[in-house]
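Below is one structure, written out as C-alpha cells; the observations come after it.
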Amino acid sequence: MKVESITLHRVGMPLVRPFETSFGRETERVVLLVHLVTDVGEGWGECVAGKTPGYSSEYVEGCAHVIEHHLAPLLFRAPHVRAADLERLFAPVVGHRMAKAALEAAVLDAELRASGISFAHYLGAVRTEVDCGVSVGISPSIDELLTEVQGYVDAGYRRIKLKIKPGWDFEPVRRVRDLLGPDAALQVDANTAYTREDIAHLSRLDDSGLLLIEQPFDEEDIASHVVLAQAIETPVCLDESIVSVGVAIDAIDRGATSIVNIKPGRVGGYLPAVAIHDACRARGIPVWCGGMLETGIGRAMNVALAALPGFTLPGDTSASDRYYAEDLTEPFVLDDGRLAVPTGPGSGVTVRTELVREWGLQPPVLLTER
Ligand code: NPQ
Ligand code: MG
C-alpha cells in the first residue's frame, strides 16, 4: 500500500475511577491515536504511551514528535508499505517502540481491512474468546480494596491482579486472598517499586499462593530478578524489562522470568509481540497479554493477540467498562469472564469518530508527504 496521510489525535478519556499504581495516580487517560489513509483504505492505531514519562521513557508528546518528524517521513517515502516490513523500515530510528507500535497497528488495520482478514486470523489465533483478568489499583484503604475486588469477582473476572508498592503489599494481598478463597487466581504487580534489599520482605508474599509477581525491580535490572527468582517460590514475571525478543530470550535463559507479560506497545508492535510469543512457547514459558488502559481500538487488537496458543494465562484484557463509561468503539463486554475475539476485517471494530472529535484535547494534526 501507499500511505497518503496520517492524522494524529490526542484524546482525553475520563476513567470510571482513579487508577493508582506505584508510579502515580491517573484520573484521565490521555491517548494518542493514529489515523492512516492509504490507497487501499483506512486504518487506526492506538499509542500506549501515557501523558507523562512516569511509567516508561515514552510519553504522548514524545511519541507524536517522533512520529511527525522521524517515522511518518519514512512511511511516506516508501513506495510499497507492508506491516511485515515495518521493523526494517523503522530501523533508522532507535527505540521509540510505543510510537512505532501505534503506526504498525494502523498499517496492519488498513492492510487487513483491504484484504478482508481479521487481526486474529493474521496473527495466528486459535481461540474465539479469551479469559480475562483485571488489574486493581492501590486503594485508599483495605476495606475499599476489598469492595472493589468483590465487584470484579461479581462481574466474572477470572483472575485478579493487585498493584503493590512498599507499605501496600503483603497485608492487602493476604486480605484479598482471604476474601477470594484458596483456589482463586491472584497475582501482584510492583511496577519496579522495590530493590534487591527487599527480597526477604517480598518472600513473605509466598504465603498468599500467588500465580506470579510482576516486575518488582528496575526495568534494566535483570540480575536482581534472577536472585529473587531463586529466593522465592512465587514465579517471577517480567513486564517493563521485556522490550524485545532478544531480551525475552536472555531473561528466560538467565532464570529471571518464568512467565512473560507481552504488551505490543512495549515491544514495537503486534509482529514483534508474536515473535516473543513464539520464542516463549518454544521454551515452555507461559505468556499473557498485558494492558495499558487501551480504548476499544487497542483492546480489540490485544484480544486478538491473546487468542494465540501460548497465551495460557488470563490477560489484563478487561472489559471496556473497567476503565471507561463510553468507549471509542463498540464496547467490549464480559461474558462469563471472557471477551469475544473480533472476527471482522482488521481490528474488527468501528471507531466512533464523533467521540474522537468531541473528546479531542486539541485540533487533529494532519501529516502528508512534505
Ligand atoms: C502494567 N497496566 O501492567 C500496566 C501499568 C500501567 C493494567 O496494570 C497510563 C499509561 C496509565 C500507562 C496505568 C495495568 C497506565 C500505564 C498502568 C501503565 O504494568
Ligand atoms: Mg505490569
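The values are calculated or read from the model by the stated rules, or taken from the named source; none is laboratory data. Treat the numbers as computed from the prediction; the structure is a model and nothing was measured. When we count neighbours, we look across all protein chains shown, and the Cβ atoms used for this are built from the backbone with ideal geometry, even at glycine.
Points worth noting:
- Residue 21 more than 13 Å from ligand 1 (Cβ to nearest atom), of a type in the set (Ser, Thr, Tyr) and either surrounded by 17 or more Cβ atoms within 10 Å (Cβ to Cβ) or assigned by TED's automatic domain parsing to the domain that holds residue 318 (or both): no
- Within the range 25-67, the set of residues being away from ligand 1 (no atom under 16 Å from the Cβ) and within 12 Å of residue 96 (Cβ to Cβ) comprises 65, 66, 67.
- Extreme residue, nearest to residue 147 (Cα to Cα), among residues of the range 162-184 that are crowded, with 22+ Cβ neighbours inside 10 Å and among the charged types (D, E, K, R): 163
- Residues in the range 255-275 that are out of contact with any strand residue (DSSP E or B) (no Cβ under 8 Å at 6 or more places or on another chain), within 16 Å of ligand 1 (Cβ to nearest atom) and either basic (Lys, Arg) or farther than 29 Å from residue 28 by Cα (or both): 266 alone.
- Selection from the range 126-144 of residues that are more than 23 Å from the chain's Cα centre (by Cα) and either closer than 16 Å to residue 323 by Cα or among the polar types (S, T, N, Q) (or both): 141
- Identity of the residue in the range 276-299, crowded, with 20+ Cβ neighbours inside 10 Å and of a type in the set (A, V, I, L, M), that ends up farthest from ligand 1 (Cβ to nearest atom): 285
- Within this structure, residue 198 passes the test of being outside any loop (DSSP other than H, G, I, E, B), without any contact (Cβ under 8 Å) to a residue 60 or more places away in the chain, buried (at least 16 other Cβ atoms within 10 Å of the Cβ) and assigned by TED's automatic domain parsing to the domain that holds residue 254.
- Residue match in the range 317-333 (condition: part of a strand (DSSP E or B) and touching a residue at least 60 places away in the same chain (Cβ under 8 Å)): no
- Any hit, the range 224-243, residues being within 16 Å of ligand 1 (Cβ to nearest atom), closer than 25 Å to residue 123 by Cβ and not in a loop (DSSP other than H, G, I, E, B): yes
- Sole exception among (1) in the same structural domain as residue 72 (by TED's automatic domain parsing); (2) in contact with a Pro (Cβ under 7 Å, 6 or more places away or on another chain); (3) of a type in the set (A, V, I, L, M, F, W, C) for residue 142, by number: (1)
- Put simply, of 26, 58 the only residue that is closer than 24 Å to residue 218 by Cβ and within 15 Å of the chain's Cα centre (by Cα) is 58.
- Residue among 95, 54, 43 that is outside the structural domain of residue 270 (by TED's automatic domain parsing), part of a loop (DSSP other than H, G, I, E, B) and either within 16 Å of ligand 2 (Cβ to nearest atom) or in contact with a helix residue (DSSP H, G or I) (Cβ under 6 Å, 6 or more places away or on another chain) (or both): 54
- Within the range 135-147, the residues that satisfy the criterion of being out of contact with any helix residue (DSSP H, G or I) (no Cβ under 8 Å at 6 or more places or on another chain) and either more than 14 Å from ligand 1 (Cβ to nearest atom) or without any contact (Cβ under 8 Å) to a residue 40 or more places away in the chain (or both) are 140, 141, 143, 144, 147.
Conditions tested, residue by residue: (1) touching a Pro at 6+ places or on another chain (Cβ under 8 Å); (2) within 16 Å of ligand 2 (Cβ to nearest atom); (3) under 30 Å from residue 181 (Cβ atoms).
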| residue | (1), (2), (3) |
| --- | --- |
| 209 | yes, no, yes |
| 219 | no, yes, no |
| 223 | no, no, no |
| 234 | no, yes, yes |
| 246 | no, no, no |
| 254 | no, no, no |
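- The number of residues in the range 274-302 that are in contact with a Phe, Trp or Tyr (Cβ under 6 Å, 6 or more places away or on another chain) and of a type in the set (Lys, Arg) comes to 1.
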